[in-house]
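See below for the structure under consideration.
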Amino acid sequence: MNTIVNLSAKQLRQAAALKERIDALEAELASVLGTSSTATAGAPVRRKMSAAAIAKIRAAQKARWARVKGVGRKPRRKMSASAKARLAAIARARWKQAKAQGKTTL
């Protein structure tokens with residue numbers, strides 16, 4: 001494919017003539033259909049969201065953030081002192097047995 005830099009003067013004139021014909025045909029088509037052509041159309045019209053739609057989106061986003069942050073979750077259960085002491089004793093016994101076998105890791 002040729003780039004515009006590599007085109008000869010004759011090819012550039014031919015391309016310009018084709019572009020003018022295309023523009024003229026688009027204008028003629030627009031006049032026949034009674035619409036504006038795509039080339040002359042301005043910026044696209046932005047659609048507005050209804051207040052209800054914005055409220056739904058906002059509520060959904062707040063719910064997502066609440067799940068991420070953990071808002072409204074039950075607090076974690078705390079272990080009693082006696083249960084901690086029992087687990088610590090079990091761990092000490094396990095380590096005592098491991099050291100007796102000459103192990104440095106479990």
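Taking the Cα centre of the chain as reference, the dipole from Cβ charges on Lys and Arg (+1) and Asp and Glu (-1) amounts to some 2380 debye.
Look at the dipole of the chain built from charges on Cβ: of 97, 50, 6, the Cα furthest out on the positive end belongs to 97.
Taking the C-alpha atoms only, the angle from helix 9-33 to the longest principal axis of the chain is near 90 degrees. Just add up the charged neighbours of residue 14: K/R +1, D/E -1, any other residue whose Cβ is under 12 Å from the Cβ of residue 14. It works out to a net charge of +3.
Could you work out how far helix 81-100 tilts from the main Cα principal axis of the chain, as a 0 to 90 degree angle to the nearest 10? In the chain, helix 81-100 runs at an angle near 80 degrees to the longest axis.
By the helix-only formula, in which each DSSP H run with n ≥ 4 contributes -39500 (n - 2.57) and the sum is divided by residues, the chain has a 222 nm mean residue ellipticity of -21000 deg cm²/dmol. When volume of the Cα convex hull per residue in Å³ is calculated for this entry, the matching label among (1) 126; (2) 313; (3) 111 is (2).
With respect to the chain, whose longest principal axis is taken over its alpha-carbon atoms, helix 51-69 is tilted by about 30°.
Quote to one decimal, in nm, the extra length available between residue 105 and residue 8 on full extension: 0.36 nm per residue of separation minus the C-alpha distance between them.
26.9 nm
Along the axis of the charge dipole computed for the chain (Cβ charges of +1 for Lys and Arg, -1 for Asp and Glu, origin at the Cα centre), the listed residues 106, 63, 27 are led at the positive end by 106.
A short reminder: the numbers here are calculations on the coordinates, not readings from a lab. Computed from a prediction, not measured in an experiment: that's the story for all the values here. Backbone-built Cβ (ideal geometry, glycine too); neighbour counts: all protein chains shown.
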